[in-house]
Structures are given as structure tokens and as C-alpha cells.
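Scroll down for the structure; my scribbles are underneath it.
The values are calculated or read from the model by the stated rules, or taken from the named source; none is laboratory data. All of these numbers come straight from a predicted model, not from anything done at the bench. Don't worry about glycine lacking a Cβ; one is built from the backbone with ideal geometry, like all the others, and counts go over all protein chains shown. Only protein heavy atoms, including side chains, enter the accessible area calculation; ligands, DNA and RNA are left aside. Shrake-Rupley method; radii C 1.70, N 1.55, O 1.52, S 1.80 Å.
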Amino acid sequence: MNNKWTVLVGCAIALTLSFAPVYLFTLGVFSKSMITEFGWSRTQVSAGFSVAQFSVGLFSLFAGVAVDRIGNRHVMLFAAIALPIVLAAFSLVSSFMLYVVLAFLIGGVGSASNPPAVLSVLPRWFDRNLGLALSIASLGIGIGGTLMPMAAGVANLHLGWRGGFAVVAALVGVVGVLNTVLLVRDKPQVQPTTAKQVGRPAEETGVNFQACLRRMDYWVIVFAFAVIGAVYWGTTSQFGPIMGDRGMTPLETASALSAMGISVIVGRALGGVLLDRISCYLIGFLFFLSASAGAMLLMVSSFDGSAFAATVLLGLALGGEGDVMAYMLRKRYGQRNYGKIFGLCFGIFNFGGLLGPLVLGRAFDLWHSYDNAGIAFGIGGALAALLLFLVSTSRGVERQWEHVDAA
């Protein structure tokens, strides 16, 4: 099977079973039972999130290197095998040290299941509808974020947290391997035309990775995404306490989070439709401003803004930023070293997401209010949007690596 639509379905399934849905979304289900058994603090349990996120940021570039050298399918198959093995090992946790070590390992192998390793195969199959293809595949993360906690909850109820980890791992392993073997395919950029070329990988056009690292425009884009990662994940990490400070009930808080989830899907769909029609820089600019406005509206008390409006704005930003990153880097720098270029940017974006919650928590400890941090985050988001606008004007250093979709 080598139809581009089956590859797209395979990518969507792969992201449904990727690091965030499989680990980040399920660990919260099992964490209360682990606290009860081991007597750990919430800070200790949170280390499982932080260490894993740090590891993802650290290894994302290496996943990109592997994609460029051996192809997406092999990297995705590695993730489909290794990720459930490490996840199953959590059922054997007997100490905090082992818990942290496994968190680091699952972040490392999980980087091979993340968007840079999965989405970077789609430009080889899609060209005219690349934005739409990226959007459809990325919906897998939202689907997984919905289904995996439900599966973990049922398993935890009947088998306990140890059995729950094992069941989720088995499900992810079986479906993941079958999906990669049956649906995912690498496609050469140019088909061989002579006997000498048959069996040899085609040369792909684009910016060399080392040359890309020397370009200021690349680092401006990376910095902009790192800032918006800090703004988004910093704000959402304190969502519960912020809503509580505003006097909202748990039910109202849950309703606001539901509104955010819906807006993530809308933002992803909207981004996919628009990316093929208007400038990706303009779309990124608007999504970044959306995150900036949402953060300020939620945290700055003098604005007295609607929490629902704030969560919708933040959800739209989260829904759109991943597709914008993938699309922008491919169109600006080509396919030649796309895995490395995308992987490094995604890794630093994750570091921004790791730093944001720490900065916001520290700011609250200092001022006993989110107001100053909200203003700073709002300004930071607006700055990131402005940086994308400035990069969009540097057409002299940009080349669109256009190819005709052979399918």
C-alpha cells in the first residue's frame, strides 16, 4: 500500500499513539494511585512530567537526524516498539529514582514518535494540500489525548496503576507496530529514471543543516516558537489555581477546559485550511497574538476578562502553532535536512514549554499575583508574533522549494 491517503491515515494514528497522549495524558490518571502507594509528594510525581519533557527537548534533534538518514518509517517503527516497552516498565517502578530514570528514557524514545519524526514524511507525498494534510495528521494528538486517558482510567479501575501501565503499553505496541508496517511509507522526492539510479535514494533539495544554523532568520523563528511555548504552557500549567483565585467552581473550570479542547480542534482545522491559501507567517502572527491575548486576559486581574474567551484564544493558538511550525520550516528551508531543522526547532520549543511554568510559578511566589507575569507573557507573545512578521519580510533570503505532487 503506497497511496498518499493511507500514509496520511498512518501518520494520524501514529500521533494518536505518540509521546504526549500515551505518557503525559495517562500519567495524570495513574499518579494519585502512585502517591497513595509510595507516599510521594505532588512535586515528586510532577518530576515525571518535567524530566520527560526535558528529555524530549534534548533528543528531538537526534530524532530529526535519524529521519534524514534512515527515513521516517524506520524511526516511527522504532518508536512503535520502544515507547510501549518503556511505558510497560513503569509497572515495575519500586523507587523514585527508577521513576525518574524511566521518565528520562520515555522522553528520549518518545521524541521518535513526535511531530518532527511523523509529519516530516508528508511533504514527500503532499504539495498542493500540504497544510490540510498536516492538519489532519495532527488531529491524532487530540484524538489520543481524549482516548488514552479513558483507556488508562478503565484499566486503572480494574487492574490498578501497575496493570494499567501494562495494558496501555500493550495496546499502543500492537496498534503502533501494525500501523507503521501496513500504512506508513517513505517516498523518494524524485523517482529514479536510469538503471544506475535504481535502488539509490534521490537527492532532495533544500538548505543544508549547517548552512541553516548560520542563518539568523532560522534562529529568529526558533526563538519565536520557544517564547510562545513558554507563554502557552506556562499559562495552562497554572490554569487551575488561576481559575480558583477568580472564584470559579471546579465545574466552571472544567467547562472552560472543555472550551479550550474544542478550540484546539477548531484552530488545527482552521490552520490546515488556511495554510494552503494564505501566508503561513500571517497565520502564525495571528495565532501568536491569540496566545498573547489569552494569557493577559486570563492572568491580569484588572482586565476582568472572560475566562472562557481566554481559554478559547489559548486553544486556538495551541491548535495552530504545530502545523504552522511544520509548514513554515518546510516551505522556507526545503526537504533536504527537514528532519534536523524541524527537530531542533521542536526541541527548543519544548524547552520553552518547560521554562514557562517555572517562570510563572516563581513570579507568583514573588508577587503573590499573576498580574505582572500576565503582562510579561502578553508582551512576550506579541514580540514572538512581531518576529514572525519581520522574518516574513526577508524574502531575499528565502526560497520556496516547490515540487509538483506526482500523485
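Computed values, structure above
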| read-out | value |
| --- | --- |
| Residue match in the range 311-334 (condition: surrounded by fewer than 24 Cβ atoms within 10 Å (Cβ to Cβ), aromatic (F, W, Y) and touching a residue at least 12 places away in the same chain (Cβ under 8 Å)) | no |
| The one condition in (1) within 30 Å of R332 (Cβ to Cβ); (2) open to solvent by 50 Å² or more (accessible area, probe 1.4 Å) that S135 fails to fulfil | (2) |
| From the options L157, L119, L87, L130, residue that is open to solvent by 10 Å² or more (accessible area, probe 1.4 Å) and of a type in the set (A, V, I, L, M) | L157 |
| Matching residues in the range 335-351 - criterion: being open to solvent by less than 10 Å² (accessible area, probe 1.4 Å) and either at pLDDT below 90 or among the polar types (S, T, N, Q) (or both) | Q335 |
| Qualifying positions in the range 1-22 - among the aromatic types (F, W, Y) and either modelled with pLDDT under 90 or open to solvent by 20 Å² or more (accessible area, probe 1.4 Å) (or both) | W5 |
| Any chance S46 is more than 26 Å from V175 (Cα to Cα) and either within 21 Å of the chain's Cα centre (by Cα) or modelled with pLDDT of 95 or more (or both) | yes |
| Filter result (of a type in the set (A, V, I, L, M), within 30 Å of C212 (Cβ to Cβ), at pLDDT below 90 and part of a helix (DSSP H, G or I)) within the range 352-407 | L354, L355, L358, V359, V397 |
| Test: I81 is over 19 Å from the mean Cα position of the chain (by Cα), without any contact (Cβ under 8 Å) to a residue 12 or more places away in the chain and either open to solvent by 30 Å² or more (accessible area, probe 1.4 Å) or within 23 Å of V177 (Cα to Cα) (or both) | no |
| So R73, is it in contact (Cβ under 8 Å) with a residue 60 or more places away in the chain and farther than 30 Å from S263 by Cα | yes |
| The lone exception for A310 - which of (1) touching a Ser or Thr at 6+ places or on another chain (Cβ under 8 Å); (2) more than 18 Å from L388 (Cα to Cα); (3) not aromatic (F, W, Y) it fails | (1) |
| Answer from M299, M260 - the residue that is in contact with a helix residue (DSSP H, G or I) (Cβ under 9 Å, 6 or more places away or on another chain), under 22 Å from L383 (Cα atoms) and not hydroxyl-bearing (S, T, Y) | M299 |
| Any hit, the range 96-105, residues being small (G, A, S), open to solvent by 10 Å² or more (accessible area, probe 1.4 Å) and either over 19 Å from the mean Cα position of the chain (by Cα) or within 21 Å of G57 (Cβ to Cβ) (or both) | no |
| Search result, residues across the range 244-270 that are in a helix (DSSP H, G or I), among the hydroxyl-bearing types (S, T, Y) and open to solvent by 40 Å² or more (accessible area, probe 1.4 Å) | S255, S258 |
| Residue list for the range 205-237, restricted to those being open to solvent by 40 Å² or more (accessible area, probe 1.4 Å) and either part of a helix (DSSP H, G or I) or in contact with a helix residue (DSSP H, G or I) (Cβ under 8 Å, 6 or more places away or on another chain) (or both) | Q210, L213, R215, M216, W219, F223, W233, S237 |
| Residue within the range 66-78 that is touching a Phe, Trp or Tyr at 6+ places or on another chain (Cβ under 6 Å), in a helix (DSSP H, G or I) and either at pLDDT 90 or above or crowded, with 16+ Cβ neighbours inside 10 Å (or both) present | no |
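Residues are listed down the side, and each one gets a yes or a no for (1) touching a strand residue (DSSP E or B) at 6+ places or on another chain (Cβ under 9 Å); (2) hydroxyl-bearing (S, T, Y); (3) modelled with pLDDT of 95 or more:
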site: G142; (1), (2), (3): no, no, no
site: T146; (1), (2), (3): no, yes, no
site: W161; (1), (2), (3): no, no, no
site: V175; (1), (2), (3): no, no, yes
site: R185; (1), (2), (3): no, no, no
site: Q191; (1), (2), (3): no, no, no
